[in-house]
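One structure is given here, and the rest of the page talks about it.
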Amino acid sequence: MKILVSRTMNNQLDNLIPKFLNYLGDNGRDDQTVKNYHFYLKRFLDWSKITTVDELTLELIEAYRQWLDRQVNQTKKPLEDSTKNYHLIALRSLIDYCNNNGTSSLDARRIRLAKLPIPQTDSLNNFELEKLLAAPLEIKLKKIIQWRDKAILELLFSTGLRVSELTNLQTNQINLDQNDFIVQGRYKKSRRVFLSNQAKFWLRQYLKAREAEVSPFLFIRYDRAAKKQTRKKITARSIQRLINQYAKSAGIKKPVTPQVIRHSLARNLIKAGHDIESIQALLGHHSISTTKKYRR
């Protein structure tokens, strides 16, 4: 999703924010996240009336926090702490962007966030994982779809890719004669991920079946609306739907998402004795505290 800069804008922040939002989209944030950031930042500007980065001060942001404390949601209930944090996290990210571009010296880490209960990270046990990974071959579908979906699930569990990273993969990024490849994650940060033998096997099966297809993307759509010569890449929503479908067919009662598969890989690696720093690098976490939650 591209946020266009209006030529009629005549203040610094009105011109800067669309560039920031485009930057988020270009660096792996999904469309919904970009839309949410757009909403949060517009709300802040409507409240503050500021026009320049220099006016972004800790005192102003603290006043904004107090204003958020008095706001209510659509059901007339006070905003939850997590919702208020989302507003402030959007400001933090904008300030980090400004710092990287030399337009601000404010330390975004000084913007306080409300302390929230530590969420439980959902994951699948080994039996559930085996059932989920086997499911694409047990449902009557075209072979190309079975092999594509099997490769998707094996790749997600093998690499710990975010769903946005997986949908953007191109065929020339992966050499199946090697056991790893480089993926570009959020904020154009590259990291090395590893392919299991199962992931490599099913990727080969899938790629052999789609040799004649015209698309640079690794995983593409095969619905009736997608014509052969104009195959589009599979979407994050489609991947979520197919994971839901396979989880149900495998008899898994709990909700299963691409993130749950990512969590399951992290938990398995911890149980196998891998150190936290290597798991952090594999998953592309900015903070090691994010990785440490999988110990619980």
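The values are calculated or read from the model by the stated rules, or taken from the named source; none is laboratory data. Values in this document were obtained by computation on a predicted structure and should not be read as measured data. Please note: Cβ atoms are built from the backbone with ideal geometry, for glycine as well, and neighbour counts cover all protein chains shown.
Take Thr52 and decide whether it is within 28 Å of the chain's Cα centre (by Cα) and of a type in the set (S, T, N, Q).
no
Among the numbered conditions (1) within 17 Å of Arg112 (Cα to Cα); (2) surrounded by 13 or more Cβ atoms within 10 Å (Cβ to Cβ); (3) not hydrophobic (A, V, I, L, M, F, W, C), tell me where Glu59 comes up short.
(2)
Among the numbered conditions (1) within 25 Å of Leu129 (Cβ to Cβ); (2) over 16 Å from the mean Cα position of the chain (by Cα); (3) in a loop (DSSP other than H, G, I, E, B), tell me where Asn175 comes up short.
Checking Asn175 against (1) within 25 Å of Leu129 (Cβ to Cβ); (2) over 16 Å from the mean Cα position of the chain (by Cα); (3) in a loop (DSSP other than H, G, I, E, B), the one that fails is (1).
Can Arg296 be described as over 27 Å from Ile182 (Cβ atoms), modelled with pLDDT under 90 and either of a type outside the set (Val, Ile, Thr) or surrounded by 15 or more Cβ atoms within 10 Å (Cβ to Cβ) (or both)?
Spelling it out, Arg296 is indeed over 27 Å from Ile182 (Cβ atoms), modelled with pLDDT under 90 and either of a type outside the set (Val, Ile, Thr) or surrounded by 15 or more Cβ atoms within 10 Å (Cβ to Cβ) (or both).
Among residues belonging to the stretch 193-215 that are modelled with pLDDT of 90 or more and outside any helix (DSSP H, G or I), point out the one that is farthest from the chain's Cα centre (by Cα).
Filtering the stretch 193-215 for residues that are modelled with pLDDT of 90 or more and outside any helix (DSSP H, G or I), the one farthest from the chain's Cα centre (by Cα) comes out as Ser196.
When both residues are 6+ apart or on different chains and their Cβ atoms are under 6 Å apart, which pairs have a first residue that lies in the stretch 235-249 and is within 14 Å of Lys150 (Cα to Cα), and a second that is of a type in the set (D, E, K, R)?
Cβ pairs passing all conditions: Leu242/Asp149.
Looking at (1) free of Cβ contacts under 8 Å to residues at least 24 places away in the same chain; (2) in contact with a Pro (Cβ under 9 Å, 6 or more places away or on another chain); (3) farther than 25 Å from Lys35 by Cβ, which is the only condition Ile145 fails?
Unmet for Ile145, out of (1) free of Cβ contacts under 8 Å to residues at least 24 places away in the same chain; (2) in contact with a Pro (Cβ under 9 Å, 6 or more places away or on another chain); (3) farther than 25 Å from Lys35 by Cβ: (1).
What number of residues in the stretch 129-163 are modelled with pLDDT under 90 and within 16 Å of His263 (Cα to Cα)?
0
Residues that are within 17 Å of Val163 (Cα to Cα): which helices (runs of 4 or more DSSP H) entirely in the stretch 253-296 hold 2 or more of them?
Qualifying helices (runs of 4 or more DSSP H): 258-271, 276-283.
Identify the residue in the stretch 166-212 that is small (Gly, Ala, Ser) and more than 20 Å from Ser278 (Cα to Cα) and, among all such residues, is surrounded by the most Cβ atoms within 10 Å (Cβ to Cβ).
The qualifying residue surrounded by the most Cβ atoms within 10 Å (Cβ to Cβ) is Ala199.
Condition check: in contact with a strand residue (DSSP E or B) (Cβ under 9 Å, 6 or more places away or on another chain), surrounded by 14 or more Cβ atoms within 10 Å (Cβ to Cβ) and of a type outside the set (Gly, Ala, Ser). Does Asn22 satisfy that?
no
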